[in-house]
Structure formats: structure tokens, C-alpha cells
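The values are calculated or read from the model by the stated rules, or taken from the named source; none is laboratory data. Just so you know, these numbers come straight off a predicted model, no measurement behind them. Every residue, glycine among them, receives a Cβ derived from its backbone with ideal geometry; neighbour counts consider all protein chains shown. These accessible areas exclude ligands, DNA and RNA; they are computed on the full protein's heavy atoms, side chains included. Shrake-Rupley method; radii C 1.70, N 1.55, O 1.52, S 1.80 Å.
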Amino acid sequence: MGNYFLPQVLLLVLGLVAQSHVSADKADSEASSANYRTQRKPNIVFILADDLGFHDVGYHGSRIRTPTLDKLSENGVRLENYYVQPICSPTRSQLMTGRYQIHNGIQHSLFWDDQPTGLPTDSPTLADKLREAGYSTHLVGKWHLGFYKQEYMPNNRGFDTSYGFLGGHESHYNHTRAYKSKGSFLDLRCDGEPVLDQNGRHSTYMYTQRAVDVISAHDKSKPLFLYMAYQAPHNPLEVPEAYEAQYQDIKDKNRRKYAGLVTMLDEGVANLTRALKTMNLWNDTILIFSTDNGGQVRYGGNNYPLRGWKFSLWEGGVRGVGFVTGGDNIRLGRGTVNKQLMHVSDWFPTLVGVAGGSLNGTKPLDGYDQWRTLSVAAPTPRKWLLHNIDPLFKKKGKEKQKYAGIFDTRVRAAIRVGEYKLLTGNPGNGTWIPPPESNTLQTEQKTENSKKNTWLFNIKNDPEERNDLSEKKPEVVKSILRILAKINATAVPPFFPKSDPLANPELHGGIWGPWE
Ligand SMILES: *[C@@H]1O[C@H](CO)[C@@H](O)[C@H](O)[C@H]1NC(C)=O
Ligand SMILES: *[C@@H]1O[C@H](CO)[C@@H](O)[C@H](O)[C@H]1NC(C)=O
Ligand SMILES: *[C@@H]1O[C@H](CO)[C@@H](O)[C@H](O)[C@H]1NC(C)=O
Ligand SMILES: *[C@@H]1O[C@H](CO)[C@@H](O)[C@H](O)[C@H]1NC(C)=O
Ligand SMILES: *[C@@H]1O[C@H](CO)[C@@H](O)[C@H](O)[C@H]1NC(C)=O
Ligand SMILES: *[C@@H]1O[C@H](CO)[C@@H](O)[C@H](O)[C@H]1NC(C)=O
């Protein structure tokens, strides 16, 4: 794991090899499975919220009420140095493969509905690995990892059952999404077959009910893996009146509806947890909750006091809400706030490890087994983290650069090395936007040289990315750029094909689905 080797000497320069090394080899993963353990393999429930912002859970001081998430996380481990990717497909791809986008060729943008592409099939998914370890595996909700060919469909990527939609977002009520100007088309399937009878039912009710059904029908002779990928609180901002009505004091309409969606999601999580308890599965269940990226401020999300939002490489785009909890038999550092560096790619080896599975047959992983970090507060094996390198993103800055010869800083990239974060190119909009209901706080935009393309922050001291150190610490910038160049040398070329007119749902019975 962490197979892309970084020269020790570079890390030494940054004073990063002092902490005791937790090797993430096979022996360690055996130790970690012994650490959680009951006689049985644990059930694993992974709940992924869509576009949930950093400021949008009660326990981060939000006006939005999330009593279930607050309570579950209070009795588990809150991850407060936890990172995801700035948008949907990239986070989902790393969760499913434990591999960075630069190693899957998907470092640019996301999977658009009419692109003939998908999560590469050359490495197994988390569901494949858990199934191999004896689990029954279920997907509920959003896929967004490609669907143009049958081989990319969830039931061919390790899931015994799947129920949900294939694209990035859709109407919460009629489950359709537009194709160009041709109208809106259904995207809802159960095990690959269109589901035609759910028009008018809100996605959060629908997916929660499906998850409860999966839990109720579960055959206990096997452990359960449930990947519950809600569409909420992603736009469109459609929410039943009863939830919106709880936020009449929020004047901003988007924020009010979004708050309703979050509280509804919280209730869905309560229902799902209750079903696990009713079925006597809870004691042996590990439950993980995570967002897929930062909140989208244009649709009511908020990441204050972090800088930037969804799509950007600023902390507001990538620092995620997340926690781990579980039933009585799961050994966890309960009631703790974990400030060790962790990334969405770490779930793959971590969960395959606790499942007693094997990591054979995967391509080299970028994730680390974090179970000991979560269960016995061992130091994180993760010393650095690549946020991304996107060679197709529009370059920013001058051709002739200060750091030429090391790394082309016009290219959009960001990396975390220890406490430092370096950003290059155009990281996206870096405004600080307070939640609309906090009438006293002002939006702040930094006026910066339009050619500026290199920033260095000490994230531990300056999580809001206010104090750029790049001029003061050019040697640190250079060291990290050298690391970035080494990592870049392991990248595969990005694959971002043109849209294919054959994707048009009109050619396939008026429903989004595989076309090749
Ligand atoms: C589905 O709902 C959306 C609003 O989210 C609307 O724009 C669209 O026209 C509706 N489509 C159908 C087929 O009812
Ligand atoms: C949760 O369960 C209650 C009781 O069955 C139900 O009334 C409510 O609609 C459910 N909420 C969600 C979000 O599924
Ligand atoms: C769950 O664990 C607790 C504490 O060990 C125990 O009291 C309870 O009976 C267990 N529940 C089930 C369903 O096994
Ligand atoms: C990996 O190991 C499992 C048993 O642990 C085995 O069933 C599977 O075939 C192996 N896969 C590969 C690709 O070697
Ligand atoms: C990354 O590596 C590729 C392939 O070796 C190279 O073409 C590109 O210039 C490198 N990018 C940067 C920003 O240095
Ligand atoms: C960044 O976003 C803010 C708020 O939406 C907007 O006012 C500003 O113009 C944006 N800045 C840039 C450079 O796009």
C-alpha cells in the first residue's frame, strides 16, 4: 500500500519521517482485523452524502439540525483531518479502487452522461473485494462511475444488487435528467432494469426504504456490505414541505431548502440505523459516514470558515465531513476526534482489511490501512496526500516561471505534505462565504495577481488558507514541487473522450442507460 514510493530524502527535508512508521503491509492488516474483532466479520455500511458542506452538520456548529449524525459520531470517531476529492466521480472512484485519479486516467473533470467512459475495469472495486471475502454486497443510490457499456454497470462491478441512478444528479421526485434540449429522461434502475413506478416519490424516502428492505432481507449467514449513496442534499433543491418548514427563519431560499434536505437525510440515516438494530445486525456493524466533496454554495451548501467550495482544490472543496461508528462489538476509539490525516482512498485497504479480505490482484494502491488509527489511535501511516494533478485544466500564469525545470506551475495541482499544502495553476474560486443565515459575516474575496499560480499554506496552523507562505519559504515550495514531479511521473495519461451522440436516451426507450 502507498506503493508509489516517495524518496525518504524528500520527506526528510520536510521533517516528515520522525513519527513512528506504521507499515501497512499484510501483517498489519491482520493485526487490524484482530483489533476490531468479534468472531464474525463485521457488517459494513458506508453512507455517502452528496455535496454536504463542511459547515452543514450540527456538530460543526451549523444552524442545520442533524441530531442523528451528531449522536452517531459522538459515539464514534469524528474525522477532523479527513479529505475527499472536489467533485463526485473522482471521490467515488477513489473510494471504490483505493487509487488516485492520476493512476486511473480520470484526473480531469468527472464522468459526463454522454461520454463513453467509466471507472477502469483493470482493478477490482471495494465491492469486488468484499464479495470475495464472503460479503453480500448492495448499492443503493447514486453510481456516477460510468455506464456506457454493460461491464461498467454496478452489478458487474462487485454488487450483488443495485438500486438507483447512474448519472450525477437528477430530479429528486421524477428521477429524470435532461439530455441537451431534448427533454428529461428517466435514470432509475434496479439490478439494471428500469424502475417505472416511483414517479413522485422523493429520492431520500425511496433510497432509505430500499436500504431498510435490503437490511431486512439480509441473510445473516453472510456479512453485509451496504453502500448507501444518497443524492441528498445535491441540487435540484426539491424537498418535502415538512422539512423546509423547520427553517422558516432562514431567509435565503436555497439555504432553507438545502437545510431541509440535510435534515431529511439525517432522518434517513436514523431509519437505516434503526433497521440495523431491529434486525440485530447493529452490534457487529461498522458504519461510515462521509461527504463526497465540499458543499456547493450556489445551491445552499456551505463550508465556512474554509476557503472555496465544490470543484475547487481549496480546503472548502476537499476537506470533508466524515466519521466512523459502530455497534458494541466494534472496537473503536469511541468519543474521540481524530485529527490524523486521512483520505477517501484509504477506505479501500482499511475496509478490505477489517473484512479479513485480500488485496491480491489490485493495481498499486494509493490508500493506507487506517484501521489502527481509528481503533487504537495509532499514528496515521499517511504522511502526504495528492489532491490532484489535472493536465487538461486551463493553465494559469506565465509561460516562463519561477520554478521552471521542476514542475510546470501553470498546471492545476494540489498536494499535502505533512502540515504543508501546495497549490499550483488555477485552484478554482477561493472566496470565503459565510452561511447565508449568519447575517453579520461578510463574504471575503482575496484580490490576487491574476497570474499568480503558486501558494503554500501550513494547514495545521492556517486551515482557512489565509496566509500564503510561498514567498517566505521558497525552499519548501521547491521541495514539494520536486515531490509533485516525482508523483506526476507515475501518472497515466488522462482519458476524457468526446461526448457520444449515441448516448441520447431517445434511442434507448427514453431511459438513460448503456448504449454500446
Ligand atoms: C422532472 O422534474 C424536473 C424538475 O426537477 C422538471 O424540470 C422536469 O420537467 C420533470 N420531468 C418530467 C418528465 O416530468
Ligand atoms: C423514517 O421512518 C419514519 C417512520 O417509519 C417515516 O415516517 C419517515 O418518513 C422516514 N424518513 C425517511 C427520510 O425515510
Ligand atoms: C449488543 O451488545 C450489548 C452489549 O454487549 C448486549 O447487551 C446486547 O444484548 C447485544 N445485542 C444483540 C442483539 O446481540
Ligand atoms: C485472491 O485471493 C482470493 C482468496 O483469498 C482468491 O479467491 C482470488 O482468486 C485471488 N485473486 C487473485 C486475482 O489472485
Ligand atoms: C507530468 O508528466 C507528464 C508526462 O511525463 C509531462 O508531460 C508533464 O509535463 C508533467 N507535468 C508537469 C506539470 O510537470
Ligand atoms: C468567486 O465567487 C464569488 C461568489 O460567488 C463571486 O462574487 C466572484 O466573482 C467569484 N470570483 C471569481 C474570480 O470567479
Open item on the list: Among DSSP bridges having both ends in the stretch 7-384, what percentage is antiparallel? Round to the nearest 5.
Closed with: 35 percent
Task: Area of residue 496 that stays accessible when all protein chains are in place (1.4 Å probe, Å², to 10) - done: 80 Å²
Task: Length released on extending from residue 278 to residue 486, taking residue separation times 0.36 nm less the Cα-Cα span - done: 69.8 nm
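Using per-residue counts of other Cβ atoms within 10 Å, averaged over each peptide, order 344-350, 371-377 from highest down. Don't skip to the end; give the middle numbers.
Values: 344-350: 28.3, 371-377: 21.6.
Result, highest mean first: 344-350, 371-377.
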Task: Rough spin-label spacing in nm, given labels placed 7 Å along Cα→Cβ, for residue 441 and residue 178 - done: 3.2 nm
Task: Whichever lysines have a C-alpha closer than 29 Å to that of residue 129, once near sequence neighbours (fewer than 8 apart) are set aside - done: 26, 41, 142, 149, 220, 222, 277, 339, 363, 383
Open item on the list: Looking at the stretch 161-289, I'd like the Rg to Rh ratio, where Rg is from alpha-carbon atoms and Rh is Kirkwood's inverse mean 1/r.
Closed with: 1.01
TODO: Could you pull out every one of the aspartates and glutamates with an alpha carbon less than 19 Å from that of residue 71, ignoring same-chain neighbours closer than 8 positions?
DONE: 56, 80, 266, 267, 284, 328
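Would you kindly calculate the translational diffusion coefficient of the stretch 363-512, applying Stokes-Einstein with the Kirkwood radius from alpha carbon pairs, for 37 °C and a viscosity of 0.692 mPa s, and quote it in µm² s⁻¹ without decimals? Write down the numbers at each step before the final one.
Numbers: Rh = 18.5 Å.
Result for D is 177 µm²/s.
How charged is the neighbourhood of residue 110? Take every other residue with its Cβ under 13 Å from the Cβ of residue 110, and add Lys/Arg as +1 and Asp/Glu as -1.
Details: positive: 92, 142, 310; negative: 50, 51, 113, 114, 292, 390.
So the surrounding residues net to -3.
Any chance you could run the full-extension gain for residue 498 through residue 40? It's 0.36 nm times the residue separation minus the Cα-Cα distance, nm to one decimal. Please list the in-between numbers first.
On the way: separation 458, 0.36 × 458 = 164.88 nm, distance 4.73 nm.
This chain segment gains 160.1 nm when fully extended.
Between the DSSP loop rule and a limit of at most 13 other Cβ atoms within 10 Å, which trypsin sites (Lys or Arg not before Pro) in the stretch 174-263 are left? Provide the component values of the computation, followed by the final result.
Values: sites: 177, 180, 182, 189, 201, 210, 220, 251, 253, 255, 256, 257; in loops: 180, 182, 201, 220, 251.
Sparse-neighbourhood loop trypsin sites (Lys or Arg not before Pro): 180, 182, 220, 251.
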Open item on the list: Helix-only estimate, please: 222 nm mean residue ellipticity of the chain, summing -39500 (n - 2.57) across DSSP H runs of length 4 or more and dividing by its residues, to the nearest 500.
Closed with: -7000 deg cm²/dmol
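Based only on Cα atoms, what mean projected area does the convex hull of the chain have, in nm²?
On the way: hull surface 90.7 nm².
That works out to 22.7 nm², a quarter of the Cα hull's surface.
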Task: Options 305, 354, 58, ranked by Cα towards positive dipole end of the stretch 7-384, top entry (Cβ charges) - done: 305
TODO: Please calculate the 1.4 Å probe accessible area of residue 203, with all protein chains present, and give it to the nearest 10 Å².
DONE: 0 Å²
- [ ] Provide, as a two-decimal number, the C-alpha radius of gyration of the stretch 324-431 over 2.2 N^0.38 Å, N being how many residues it has.
- [x] 1.40
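For the stretch 462-510, state which trypsin sites (Lys or Arg not before Pro) are in a DSSP loop and have at most 16 other beta carbons lying within 10 Å of their beta carbon.
Details: sites: 466, 472, 478, 482, 486, 498; in loops: 466, 472, 498.
Hits after loop and neighbour filter: 466, 472, 498.
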TODO: Could you tell me the accessible area of residue 337 in Å² (1.4 Å probe, neighbours in place), rounded to the nearest ten?
DONE: 80 Å²
